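The values are calculated or read from the model by the stated rules, or taken from the named source; none is laboratory data. As the structure is a prediction and not an experimental result, all values here were calculated from the model. Virtual Cβ from ideal backbone geometry, glycine too; neighbours counted across all protein chains shown.
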Amino acid sequence: MRGVVVTADAMHTQRAHAEHVIAAGGHYLLVVKGNQKQLRRLPWRQIPLQARTTGARHGRARSAV
């Protein structure tokens, strides 16, 4: 998987999946839902926001920031 970037929805945002991709030499981009408590400790304000997804129910609208 060298040079491959795996993207996945929230269903695949699991530690084992990420570790498998890394072990195979790949990179990943995973969707994270706001209800993940362990994520609150990360320094989010230090990361520049490039886009925001908004929407209702299953539809999403992407808007540039």
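State yes or no: is Ala18 at pLDDT 85 or above and among the hydrophobic types (A, V, I, L, M, F, W, C)? Considered against the rule, which asks whether it is at pLDDT 85 or above and among the hydrophobic types (A, V, I, L, M, F, W, C), Ala18 comes out as yes. Anything in region 4-35 that is part of a loop (DSSP other than H, G, I, E, B) and without any contact (Cβ under 8 Å) to a residue 12 or more places away in the chain? List them, or say none. Those that are part of a loop (DSSP other than H, G, I, E, B) and without any contact (Cβ under 8 Å) to a residue 12 or more places away in the chain: Gln14, Gly34, Asn35. Of all the listed residues (Val31, Val4), the sole one being at pLDDT 85 or above, surrounded by 10 or more Cβ atoms within 10 Å (Cβ to Cβ) and of a type in the set (Val, Ile, Thr) is Val4. Scanning region 24-47 for residues that are of a type outside the set (Val, Ile, Thr) and within 27 Å of Arg2 (Cα to Cα) turns up Ala24, Gly25, Gly26, His27, Tyr28, Leu29, Leu30.
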